[in-house]
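Have a look at the structure below before the remarks.
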Amino acid sequence: MVRLMTNQSANTDSRRIVCSGCGTEFTCSPAGPCWCADESFRLPMPVDGGDCLCRDCLQQAAAQAASTAAT
């Protein structure tokens, strides 16, 4: 089973997250409008204990995933 980074309403609290890719702090708001819900791609949730990625790292990871899938 693959869990996707989506806007889950089960967790209603906003929280401060440190990007597991670059260390940038950002706010995650699963119950409200969150920037990640507006992205056109979804990536699997980290399984190595990492947390969500910031917008820049998420976009880079999506580009790498698309590049890998194209080859």
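Here, each number is a calculation from the coordinates, and none is a lab measurement. Since the structure is predicted, the reported quantities are computational estimates derived from the model, not experimental observations. Here Cβ is always computed from backbone atoms with ideal geometry, including for glycine, and neighbour counts include all displayed protein chains.
Over all Cα atoms in the stretch 15-70, the spread is summed up by Rg and Dmax: 11.5, 35 Å. Between the beta carbons of residue 25 and residue 61, assuming R0 = 25 Å, the FRET efficiency works out to 0.85 to the nearest 0.05.
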